[in-house]
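Here, each number is a calculation from the coordinates, and none is a lab measurement. Just so it is clear, the structure is predicted and the values come from calculations on it, not from any experiment. Using ideal geometry, Cβ is built from the backbone for each residue, glycine included, and neighbour counts are taken over all protein chains shown.
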Amino acid sequence: MDPATAKLIGAGLACTGLIGAGIGVGTIFGNYLNGALRNPSAADSQRIWMFVGAAMTELLGLLAFVVAMIILQ
Amino acid sequence: MHQFELTKKVPLELFGYDVSFTNSSLWMLIAVVAASAFLIMSMRGRSLVPTRFQSMAEVIYEFMAKTVRDVCGPEGMKYFPFVFTIFIFVFFANVLGIIPGSFTTTSHISVTFALALTVFVFVTLVGFKTQGVGYLKMFVPEGVPLLLLPLIVVIEVISYFMRPVSLSVRLFANMLAGHILLKVFAGFVIGLGLVGGWAPLAFMVGFTGFELGIAMLQAFIFALLTCIYLNDALHSHH
């Protein structure tokens, strides 16, 4: 295989890491909403932790994206 | 890519280092000036019934103050100016970067890493100032079996030193990804021409709005994680 082709395929494969981050962030926001609708009075106090969790999860996906960008360079 | 390229506006050299005034510096300066102008001008009236701009500034201030108070407790309000400065700078840098033709300073890891390193060093100093040597207890969680302790301490130390990396990569990758996506879709608009180019153009308009949300959210998350690190430094409940 041509190295340039392999590079592009590799960058595409590296981006599959974002699938996991997508599922993770969706789970976090979905579960927050789920909990907030069951107990709206406790929702406000926990909103910050939802954002922290989303940020942590998102980072792992973004690392995959950064790897893809490094490969493409 | 063209929009991420640094160009020298005023070439300068100091002690053998290249300290040129680049377009990145220019947009950072614009962000600082815009933030200062916004906050100073909007709070000039100080009326009891706020004007439109004053209420905007008050909402942003109250929002960050509430976050710091919730996360760090009342002691943390001493460091509120630091958190608020970080927030407002990142916020303005992100939002100004969405303007077509502008330069997104936060899409460069050198800028975000410098910001994150400032936070990291500041928080470490605050930790040692308030807790003394006891701050090192943060690396030794309570209730861990003695056998596992060497492993846990190593992991805790590594995770502590990864903080500036994770903080900077998060902001930089978010900004970079959004702008690259817009760029890719802009390529589709040109490629499909007058016939089919309208669909990606419509998507781009919508996605720019989404990017605006991301810009605000990432500024908030940057400030929020600063608060959480500050909380670790101020309270020894580890």
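Kindly identify the protein assembly as shown as rounded, prolate or oblate by the Cα gyration tensor criterion: order the square roots of the eigenvalues as a ≥ b ≥ c, call it rounded if a/c is under 1.5, otherwise compare a/b with b/c, prolate if a/b is larger, else oblate. Rounded is the answer for the protein assembly as shown, as its axis ratio a/c remains below 1.5. The phi-based Karplus calculation (6.51 cos²θ - 1.76 cosθ + 1.60; θ = phi - 60°) puts the 3J(HN,Hα) values of the range A:14-27 at 4, 5, 5, x, 5, 4, x, 5, x, 4, x, 5, x, 4 Hz, whole numbers, x for Gly and Pro.
Each of B:Lys78 and B:Leu212 was given a label point 7 Å from its Cα along the Cα-to-Cβ line. The distance between the two points is 4.0 nm. Seen from every direction in turn and averaged, the convex hull around the alpha carbons of the range A:3-72 projects onto 4.5 nm².
Convex hull volume of the C-alpha atoms in the range B:120-220, normalised per residue: 143 Å³. For chain B, the longest principal axis of the C-alpha atoms and the axis of helix B:198-234 are separated by about 20°.
Annotation: aspartates and glutamates with alpha-carbon distance below 16 angstrom to B:Lys129 (same-chain offsets under eight excluded): B:Glu75, B:Asp232. Computed 3J(HN,Hα) for the range A:42-59, one whole-Hz value per residue from the Karplus formula 6.51 cos²θ - 1.76 cosθ + 1.60 where θ = phi - 60°, is 8, 5, 4, 6, 9, 4, 4, 6, 4, 5, 4, x, 5, 5, 5, 5, 4, 4, glycine and proline marked x.
Across chain B, the mean sequence separation of Cα contacts (distance under 8 Å, 6 or more residues apart), normalised by length, yields a relative contact order of 26 percent.
As a proxy for reagent exposure, ranking B:Phe161, B:Phe103, B:Phe84 by other Cβ atoms within 10 Å from fewest up yields B:Phe161, B:Phe84, B:Phe103.
Among B:Val33, B:Val119, sorting on how many other beta-carbon atoms sit within 10 Å of each Cβ, with the fewest leading, yields B:Val33, B:Val119. Between the helical axis of B:23-42 and the longest alpha-carbon principal axis of chain B there is an angle of about 80 degrees. On the basis of the beta-carbon distance and an R0 of 22 Å, B:Gln3 and B:Ala34 show a calculated FRET efficiency of 0.65. Sequence-distant contacts, meaning Cα pairs under 8 Å at least 6 residues apart, place the relative contact order of the range A:3-72 at 59 percent. Counting only alpha carbon atoms, the long axis of helix B:52-72 and the longest principal axis of chain B meet at about 30°. Both numbers refer to the Cα atoms of the range B:2-234; Rg and Dmax are 21.3, 70 Å.
With each label modelled as a point 7 angstrom along the Cα→C-beta vector, the B:Leu192-B:Tyr17 pair spans 4.8 nm. Its Cα centre serving as origin, the range B:1-108 has a Cβ charge dipole (Lys and Arg +1, Asp and Glu -1) of approximately 360 debye.
Distant-in-sequence amide contacts of B:Phe21, defined by a placed amide H-H separation under 5 Å and a gap of 5 or more residues or a different chain, comprise B:Lys9, B:Val10, B:Leu12.
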